[in-house]
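The structure appears below as structure tokens.
The values are calculated or read from the model by the stated rules, or taken from the named source; none is laboratory data. Values in this document were obtained by computation on a predicted structure and should not be read as measured data. A quick note on method: Cβ atoms are made from the backbone with ideal geometry, for glycine too, and the neighbour counts reach across all protein chains shown.
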């Protein structure tokens, strides 16, 4: 694979407009899903409530479990099949039930067990696990998760500003923000339950995407030092091509690990694997088609001087194809007396 992708000459940057349109369209689909499918599907860790995983001795129907809980006064509980047709999860997230449990009333888990025992019998099922979270704890977890993602972005910005310069840092952080937005849109479109496991996947994606962008930017900095006369447009394309073999091998290895988790790790870890699998493609896409064009745009708006890191002002000159026609100079030597009378 290294030999196949050795010394490539692909022009990646020229497709940035198509990439921007694709990104904007996907994010708009995610926003539109709020109108058709409601808000974010938060887990009980963020909303408060009770989660029970049940294993029945004989296959049963989720509708029968739901009707049993409705008769017991536990309305609006979400019943989902968990693996086989004899295992189910029961999520009681109704605000009234959460408030009642928080006020010291009998736990929702006890009421669920009582109702199921009267309907199916005491020895017909077993409780695999039970999770109960109060509304105050859920609000704190949601706030702390948002703070963790913001801090991760700020630390990335500070590191890149010190390691490279502020232009690289801004481009990398905006690229990472793009990855988070696309991932949130993906989660919303698939109606994936947002839990602490999903937050862990997003934080992992922040680091993974940042690392991929740093690899390319480090090669850009090296090439700018070696070649101060080439336009940044050409330097970016050359740097992406030079790091392409490494990127393909890294992403393929990581993708193999996440696919193994997706197919063999079970229901609990599957949401993490789904988000990470999508995140690998997003991180690869953004490092090439988002971070690099952003850096090119920032350099053209605020060009570097001779004293800045990475080279002279000539290094950030756009390529001839990027210049407006009025600024392009004719190639070759003009004949003597041309343009004069």
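Values for this structure:
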item: Which numbered condition residue 177 fails, given (1) assigned to a helix (DSSP H, G or I); (2) over 19 Å from the mean Cα position of the chain (by Cα); (3) surrounded by fewer than 19 Cβ atoms within 10 Å (Cβ to Cβ); result: (2)
item: Answer residue from the range 269-308, given it is more than 30 Å from residue 170 (Cα to Cα) and in contact (Cβ under 8 Å) with a residue 24 or more places away in the chain and is surrounded by the fewest Cβ atoms within 10 Å (Cβ to Cβ) among those; result: 269
item: Restricting the range 153-167 to residues that are farther than 13 Å from residue 177 by Cα and free of Cβ contacts under 8 Å to residues at least 24 places away in the same chain, the residue that is nearest to the chain's Cα centre (by Cα); result: 155
item: Filtered residues of the range 3-47 (kept if over 19 Å from the mean Cα position of the chain (by Cα), under 30 Å from residue 91 (Cβ atoms) and in a loop (DSSP other than H, G, I, E, B)); result: 38
item: Answer from 144, 223 - the residue that is over 15 Å from the mean Cα position of the chain (by Cα) and under 30 Å from residue 93 (Cβ atoms); result: 144
item: Residue 326, sole failed condition from (1) crowded, with 16+ Cβ neighbours inside 10 Å; (2) part of a helix (DSSP H, G or I); (3) at pLDDT below 85; result: (1)
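Residues checked against (1) in the same structural domain as residue 180 (by TED's automatic domain parsing); (2) closer than 30 Å to residue 293 by Cβ; (3) touching a strand residue (DSSP E or B) at 6+ places or on another chain (Cβ under 6 Å):
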{"residue": "21", "(1), (2), (3)": "yes, yes, no"}
{"residue": "27", "(1), (2), (3)": "yes, yes, no"}
{"residue": "32", "(1), (2), (3)": "yes, yes, no"}
{"residue": "58", "(1), (2), (3)": "no, no, no"}
{"residue": "62", "(1), (2), (3)": "no, no, yes"}
{"residue": "67", "(1), (2), (3)": "no, no, no"}
{"residue": "73", "(1), (2), (3)": "no, no, no"}
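A quick yes/no check of all residues on (1) assigned to a helix (DSSP H, G or I); (2) exposed (fewer than 13 other Cβ atoms within 10 Å of the Cβ); (3) modelled with pLDDT under 80:
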{"position": "127", "(1), (2), (3)": "no, no, no"}
{"position": "130", "(1), (2), (3)": "no, no, no"}
{"position": "139", "(1), (2), (3)": "yes, no, yes"}
{"position": "144", "(1), (2), (3)": "yes, yes, no"}
{"position": "148", "(1), (2), (3)": "yes, no, no"}
{"position": "157", "(1), (2), (3)": "yes, no, yes"}
{"position": "160", "(1), (2), (3)": "yes, no, yes"}
{"position": "167", "(1), (2), (3)": "yes, no, no"}
